[in-house]
Amino acid sequence: MLRPRTLRVRLGLVFALTTTVVATGFGALLLHQARRQLGIAIDEGLVPVATGLAQRVASDGPAVISGPNPELAPPSDAIAQLLGPDGRILASSSFLGNDRPLLHPSGADKVSRLGRTVRRQTTIPKVAGGTAPVRVLALPVQVEGHADVLVTGTSFDESLRLEVALEHALGLGLPILAVAVALGGWLLTGAMFKPVRSMIEQADTISTHEPGERLSISGGGAELRALAARLNAMLDRIDDAASRERAFLDDASHELRTPIAIVRGELELARSRVPDDDEQRATLDSVLDEVERLERLAHNLLVLARSRSGTLTAGTTPVDLETVIDRAARAIARRADNRRVRIHCLGNGVVNGDESSLQRAMLNLLDNAVRYADSEVRVSVVEDRTFVDVAVADDGPGFPEDLLPRVFDRFTRDPGSGGGMGLGLSITSAIAAAHGGHVSAANVPGGGAEVRLRLPAA
């Protein structure tokens, strides 16, 4: 079942349905009252006719009805019959179908015995065919000592035409009224929700471009202003928490870099004094790998803190990417085991930027590729007059399809890989953005993954 998605559409439908139900009920009541009032008007018109005829019949006899009389003369369309208590016609005015009593015998008997006036509706034949509706009024009358029944009637064709015209008018007017009210409700709710849409647009801007901005609202009532105030207070708390987080990451990465550098220096010195075939050298190499990994993590945390605070910037110094890639490949060689890193450059591959940041980006890309590659990692550098493209591809299993759209989000990692913290590709994306470029990821047909770094050429 389809349901309206927006509250504005729902309220518009509620307005339309409510108006339709109320208008239909009102129209039905109006038709009922119109029929009732028309019936009363016809009955009131028949009363003087019936009373005058009853007096004349009581004094002059039944011949009054069949003969000329002012009550039944034009322009009056009244008709009359004198019935016995058994419903037998004693006298009748001239009209088509006057051989049939206007009142059922049971009705005539009731009027005769109880002396009550009875109002009924019946039909008489029409000259053009069919039947015409007639409203009749029956009242008791004493004729020559007998309790008879005088029945007078008149056509209410005109009343029916008025009812049909009223039905047509309501049938045409009620849908128009429902549409007009629905449109009015749509416009009204649109004006009501305009401050809400403004808040949504401001919230989108705050979350993406202007974290220091806050919601502002004019109009909309006290409730929306209170909501905006609560949301601004929440944004203040979130901003404070994010600032403390950035400050912690910045301080922690700074504090960690010095002791890590000292430990690394001591390990490299100890390693240089141990023969190559000594078992201690393998242990030192393993520890040194972990220290280098810790050093990269500390540096990544620093880059992350700067990117989130907006202080990560690129320099303007020309940087040779081929040299940067070669240096990163040598740094990653010890962890590559038997996996080969092949580099293929077309062009100079020179960009303007910060060499240490670009070195960090290439280390992250190569480290990620080496971790998942089966046998080799291919690095290609292609330069045109506008951009330099660096593609890092491996022959591993590739990215999981559900992870591919968000591989550059922070702390995104394959649960089955047992890899790092999920920061490497996110840091690379931040560095690329700071240099006016971008990164993309895809799976290679036949197996493997490829991450492409695109930077403006110098």
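Is it true that residue 53 is more than 54 Å from the chain's Cα centre (by Cα) and among the aliphatic types (A, V, I, L, M)? Before the answer, list the steps.
On the way: more than 54 Å from the chain's Cα centre (by Cα): yes; among the aliphatic types (A, V, I, L, M): yes.
Yes, satisfied.
Taking residues in segment 347-360 that are more than 13 Å from residue 325 (Cβ to Cβ), and partners anywhere that are among the β-branched types (Val, Ile, Thr) and not in a strand (DSSP E or B), the pairs with Cβ atoms closer than 7 Å and at least 6 places apart or on different chains are 352/316; 357/431.
Output the residues belonging to segment 336-388 that are basic (Lys, Arg) and under 23 Å from residue 300 (Cβ atoms).
To start, the set of residues in segment 336-388 that are basic (Lys, Arg) comprises 339-340, 342, 360, 371, 378, 385.
If the condition is that a residue be basic (Lys, Arg) and under 23 Å from residue 300 (Cβ atoms), then 339, 360, 371 are the ones that fit.
Within segment 237-248, the set of residues being open to solvent by less than 70 Å² (accessible area, probe 1.4 Å) and either outside any helix (DSSP H, G or I) or under 26 Å from residue 199 (Cβ atoms) (or both) comprises 239, 241, 242, 243.
The lone criterion from (1) within 52 Å of the chain's Cα centre (by Cα); (2) modelled with pLDDT of 75 or more; (3) not acidic (Asp, Glu) left unmet by residue 281 is number (1). Does segment 119-126 contain any residue that is part of a loop (DSSP other than H, G, I, E, B), modelled with pLDDT of 75 or more and surrounded by fewer than 21 Cβ atoms within 10 Å (Cβ to Cβ)? Yes: segment 119-126 contains one or more residues that are part of a loop (DSSP other than H, G, I, E, B), modelled with pLDDT of 75 or more and surrounded by fewer than 21 Cβ atoms within 10 Å (Cβ to Cβ).
Considered as a group, the residues in segment 141-170 that are part of a helix (DSSP H, G or I), of a type in the set (A, V, I, L, M) and closer than 30 Å to residue 52 by Cα include one that is most open to solvent (accessible area, probe 1.4 Å), and that residue is 162.
Every residue in segment 28-59 that is among the small types (Gly, Ala, Ser) and either open to solvent by 40 Å² or more (accessible area, probe 1.4 Å) or at pLDDT 85 or above (or both), please. Talk me through it step by step, then tell me what you get.
So in segment 28-59, the residues among the small types (Gly, Ala, Ser) come out as 28, 34, 39, 41, 45, 50, 52, 54, 58-59.
Once the filter is applied, which keeps residues that are among the small types (Gly, Ala, Ser) and either open to solvent by 40 Å² or more (accessible area, probe 1.4 Å) or at pLDDT 85 or above (or both), segment 28-59 yields 28, 41, 45, 58, 59.
The set of residues in segment 349-376 being of a type in the set (Asp, Glu) and not in a strand (DSSP E or B) consists of 354, 355, 367, 374.
Inside segment 171-209, residues that are in a helix (DSSP H, G or I), open to solvent by 100 Å² or more (accessible area, probe 1.4 Å) and not hydrophobic (A, V, I, L, M, F, W, C) make up a count of 3. Of all residues in segment 110-122, those that are more than 19 Å from residue 98 (Cβ to Cβ) have Cβ atoms under 6 Å from Cβ atoms of residues that are among the small types (Gly, Ala, Ser) and assigned to a helix (DSSP H, G or I), 6 or more apart or on another chain, in 118/107. When restricted to residues that are crowded, with 19+ Cβ neighbours inside 10 Å and either touching a Ser or Thr at 6+ places or on another chain (Cβ under 9 Å) or in a helix (DSSP H, G or I) (or both), segment 325-348 contains 5.
The values are calculated or read from the model by the stated rules, or taken from the named source; none is laboratory data. None of the values given here were measured: they were computed from a predicted structure. Cβ: placed from backbone, ideal geometry, glycine included. Neighbour counts: every protein chain shown. The protein model used for the area step is the full one, side chains on, heavy atoms only, and it has no ligands, DNA or RNA in it. Shrake-Rupley method; radii C 1.70, N 1.55, O 1.52, S 1.80 Å.
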